[in-house]
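Read the figures in this text as sums done on the coordinates, not as results from a lab. Just so it is clear, the model here is predicted, and its values are computed rather than measured. Note that we place each Cβ from the backbone using ideal geometry, even for glycine, and neighbour counts take in every protein chain shown.
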Amino acid sequence: DMKVTQMPRYLIKRMGENVLLECGQDMSHETMYWYRQDPGLGLQLIYISYDVDSNSEGDIPKGYRVSRKKREHFSLILDSAKTNQTSVYFCASSFRQSNTEVFFGKGTRLTVV
Amino acid sequence: KTQVEQSPQSLVVRQGENCVLQCNYSVTPDNHLRWFKQDTGKGLVSLTVLVDQKDKTSNGRYSATLDKDAKHSTLHITATLLDDTATYICVVGDRGSALGRLHFGAGTQLIVIP
């Protein structure tokens with residue numbers, strides 16, 4: 001059952017709190033991604049992971065960090081959340097060839113108040 | 001600067017009508033182009049991928065074209081259904097491997113009315 005699962009789906013946090021967004025996939029994909037989607041903009045890449053403990057900054061990594069200790073699991077961490085990190089966060093995964101299928105999770109809507 | 005521009009920004013059609021969505025890009029190199037459908041509050045689902053210099057694909061009522069010389073792609077939806085209401089996102093990959101980047105358009109919001 002090819003799936004990318006994100007938890008939680010909705011989250012409200014206060015400014016300054018720590019945030020953990022979790023993502024899992026059951027397809028043994030080497031590559032996993034974290035994106036954020038804001039109104040009127042295309043998805044923006046926060047971090048990419050090529051495999052366990054092989055992570056690389058994307059286009060907007062500031063204020064975020066990631067952890068990938070197992071191939072099937074990729075976490076996004078916000079240390080001391082800010083209001084401008086209110087967004088919808090998407091996790092995705094694919095095999096190393098990005099022109100093969102890319103699978104997306106359903107997203108996590110994070111609101112920082 | 002936005003490297004993937006989609007038009008129109010939004011579109012309303014009546015059920016049963018056909019529609020065409022446009023994608024222009026400046027991404028270089030342009031290894032492949034993919035169209036995604038995003039239902040409201042949901043993730044992105046791939047509709048088709050185009051790879052060749054001049055490519056055409058067909059997937060049921062969805063068909064797409066790519067012209068890499070013009071850096072232009074179209075997505076045609078025939079005989080629209082109410083369930084086609086969604087945002088359609090054009091994505092250009094600058095490499096065939098994960099070492100490359102995926103460049104996302106902001107999407108075209110399609111609304112199909114009865």
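So the values come out like this:
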item: Exposure proxy ranking, count of Cβ atoms within 10 Å, fewest first, for B:Ser26, A:Ser49, B:Ser46, A:Ser87; result: B:Ser26, B:Ser46, A:Ser87, A:Ser49
item: Percent breakdown of C-alpha pair distances by 5 Å bin, ordered from the shortest bin, for the stretch A:4-81; result: 3, 15, 25, 26, 20, 9, 2, 0
item: Volume per residue of the C-alpha convex hull in the stretch B:1-52, rounded to whole Å³; result: 128
item: Local net charge near A:Thr111, Cβ-Cβ under 14 Å (Lys/Arg +1, Asp/Glu -1); result: +4
item: DSSP beta bridge pairing in chain B, given as percent antiparallel to the nearest 5; result: 90
item: For A:Asp26, net neighbour charge (Lys/Arg +1, Asp/Glu -1) across residues whose Cβ lies under 13 Å away; result: +1
item: Efficiency of FRET between A:Glu72 and A:Asn18 - r from beta-carbon atoms, R0 22 angstrom, step 0.05; result: 0.40
item: Equivalent-ellipsoid semi-axes of chain B, from the Cα gyration tensor, Å, largest first; result: 24, 14, 12
item: Against the rule of thumb 2.2 N^0.38 Å, how large the Cα Rg of the protein assembly as shown comes out; result: 1.01
item: Relative contact order computed over the stretch A:21-83 (Cα-Cα under 8 Å; 6+ residues apart), in percent; result: 32
item: Low-density loop cleavage sites - trypsin sites (Lys or Arg not before Pro) in the stretch A:11-113, where at most 10 other Cβ are within 10 Å (DSSP); result: A:Arg14, A:Lys62
item: Proximal lysines to B:Lys56, defined as alpha-carbon separation beneath 19 angstrom and excluding residues fewer than eight positions away on the same chain; result: B:Lys37, B:Lys68, B:Lys71
